[in-house]
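Okay, so here's the structure we're looking at.
The values are calculated or read from the model by the stated rules, or taken from the named source; none is laboratory data. Quick caveat: nothing in here was measured; it's all calculated off a predicted structure. Positions of Cβ are generated from backbone atoms using ideal geometry, with glycine treated the same way; all protein chains shown enter the neighbour counts. Note: accessible area is taken over every heavy atom of the protein model, side chains too, but ligands, DNA and RNA are not part of it. Shrake-Rupley method; radii C 1.70, N 1.55, O 1.52, S 1.80 Å.
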Amino acid sequence: MPILSYYWDMRIKIIQVGSTKDDYLKDGTIEILKRLSAYADVEVVNLKESAVTKTHSKDQAIAEEAEQILKRLKNEEFKIVLDERGEALDSMKFSEMLKENFDQGISICFVIGGPFGLSSEVKAKADLVLSFSKMTFTHQMIRIFLLEQIYRAICIIKGKEYHH
């Protein structure tokens, strides 16, 4: 099948809770976003992380974060929520899934929770709950892993020499 010229129409939104604090992760994120910008319109939405205190529980923090996330989800987007209990895809299947949505003009929205994860309400809104591993990674690290996999998937779609 010939490569289509829809690539400038690839729209990706990443909703993430909390900020990236480590400089090496910030630098890597900036570099991959710069590479991705040649192929896709990527919007990163940073949401405030809710604090856990003596009077504010982990469940309350997750619920507050969920409220912020749910306000930003759109019905017309293909919503992918990252969770270690989700479905695992290899890079080829991941790229095929992205391509199917892009071919139909559908934007992709990824959701990365904060340090306590995501509410069941947010997961219920997902079209796909995606796992990168059965292992648990910090919410800061998974951001760069996600960006790298998106970049790899787009390279696969475009037939570029990035995937081995």
Evaluate the following for residue 157: is it open to solvent by less than 20 Å² (accessible area, probe 1.4 Å), at pLDDT below 95 and β-branched (Val, Ile, Thr)? yes
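Going by what's in this entry, would residue 118 be described as more than 19 Å from residue 49 (Cα to Cα) and either open to solvent by less than 30 Å² (accessible area, probe 1.4 Å) or among the acidic types (Asp, Glu) (or both)? Give the derivation first.
Values: more than 19 Å from residue 49 (Cα to Cα): no; either open to solvent by less than 30 Å² (accessible area, probe 1.4 Å) or among the acidic types (Asp, Glu) (or both): yes.
Here the answer is no, as residue 118 does not meet what is asked.
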Among (1) part of a helix (DSSP H, G or I); (2) free of Cβ contacts under 8 Å to residues at least 60 places away in the same chain; (3) open to solvent by less than 80 Å² (accessible area, probe 1.4 Å), the one test that residue 29 misses: (2)
Only unsatisfied item for residue 8, checking (1) in a helix (DSSP H, G or I); (2) at pLDDT 90 or above; (3) loosely packed, with under 12 Cβ neighbours inside 10 Å; (4) not charged (D, E, K, R), is (2)
Restricting the search to region 99-111, which residues are crowded, with 22+ Cβ neighbours inside 10 Å and β-branched (Val, Ile, Thr)? 108, 111
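Right, residue 48: closer than 20 Å to residue 18 by Cα and at pLDDT 95 or above or not? So that I can check it myself, show each step before the final result.
Numbers: closer than 20 Å to residue 18 by Cα: yes; at pLDDT 95 or above: no.
Judged against the criteria, residue 48 is not a match.
Return the only residue of 21, 34, 79, 48 being basic (Lys, Arg), open to solvent by less than 30 Å² (accessible area, probe 1.4 Å) and within 23 Å of residue 147 (Cβ to Cβ). Walk me through how you get there before you give the answer.
On the way: 21 fails: open to solvent by less than 30 Å² (accessible area, probe 1.4 Å); 34 fails: open to solvent by less than 30 Å² (accessible area, probe 1.4 Å); 48 fails: open to solvent by less than 30 Å² (accessible area, probe 1.4 Å).
Selected residue: 79, the only one of 21, 34, 79, 48 that is basic (Lys, Arg), open to solvent by less than 30 Å² (accessible area, probe 1.4 Å) and within 23 Å of residue 147 (Cβ to Cβ).
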Residue 90 - would you say it is closer than 20 Å to residue 144 by Cβ, out of contact with any helix residue (DSSP H, G or I) (no Cβ under 8 Å at 6 or more places or on another chain) and open to solvent by 50 Å² or more (accessible area, probe 1.4 Å)? yes
Single match in 83, 90, 41 (criterion: of a type outside the set (A, V, I, L, M), within 19 Å of residue 152 (Cα to Cα) and within 15 Å of the chain's Cα centre (by Cα)): 41
May I ask you to list pairs of residues, at least six apart or on different chains, whose Cβ atoms are under 9 Å apart, with the first in region 93-115 being without any contact (Cβ under 8 Å) to a residue 40 or more places away in the chain and the second being assigned to a helix (DSSP H, G or I)? 96/153; 96/156; 96/157; 97/153; 106/100
Does residue 96 meet the test of being over 14 Å from the mean Cα position of the chain (by Cα), closer than 22 Å to residue 145 by Cβ and open to solvent by 80 Å² or more (accessible area, probe 1.4 Å)? yes
For residue 62, state whether it is more than 14 Å from the chain's Cα centre (by Cα), closer than 21 Å to residue 128 by Cα and open to solvent by less than 30 Å² (accessible area, probe 1.4 Å). yes
Here is a list of conditions, (1) among the charged types (D, E, K, R); (2) outside any helix (DSSP H, G or I); (3) under 21 Å from residue 17 (Cβ atoms), and residue 59 meets all of them except one; can you say which number that is? (2)
